[in-house]
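In what follows, a single structure is set out as structure tokens and then discussed.
The values are calculated or read from the model by the stated rules, or taken from the named source; none is laboratory data. On a predicted model such as this, the values are computed, not experimentally measured, just so you know. All Cβ positions, glycine included, derive from the backbone under ideal geometry; neighbour counts span all protein chains shown.
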């Protein structure tokens, strides 16, 4: 390999590392912004009576952000207060309210719809993976389907999470 090719290769590698570092330093902020935009599209169900509920968009934002954070619910409350101060949620719910959302079977179809919506921009470039959401266990895995199709499925489930 000629010297200028090595220099060019080194420059490209350094640039990609720099881009990766820049992306990682803004990852959480970008994730929250994209998640909020996604949750804004969830229609609110009109409540007839009882104590006012947490808006479904805020509830799913909070639950998804909690799972993304990978920290305990009590430690996550700092992130929720930060999200509230940035206007990402109207009010930071208590951690027990977040668990109620995570454990609710009523949100499964909404989450499936959000997964579909969020995957649409990748449709043109990604064809090997399909997201499947099951509400039976808290495991995530990548499983290869029979060799005849050669596709892969990402299986994520939502009923049990570390508190």
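Please list, ordered by residue number, the helices (runs of 4 or more DSSP H) wholly in the range 1-81 having 2 or more residues that are modelled with pLDDT of 90 or more and touching a helix residue (DSSP H, G or I) at 6+ places or on another chain (Cβ under 8 Å). Give the derivation first.
Numbers: elements: 3-25, 27-40, 56-69.
The qualifying helices (runs of 4 or more DSSP H) are 27-40, 56-69.
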Can you name the residue in the range 35-59 that is under 23 Å from residue 71 (Cβ atoms) and touching a residue at least 24 places away in the same chain (Cβ under 8 Å) and is also surrounded by the most Cβ atoms within 10 Å (Cβ to Cβ) among such residues? 58
The range 100-132, subset at pLDDT below 80 and either under 13 Å from the mean Cα position of the chain (by Cα) or in a loop (DSSP other than H, G, I, E, B) (or both), residue nearest to residue 58 (Cα to Cα): 131
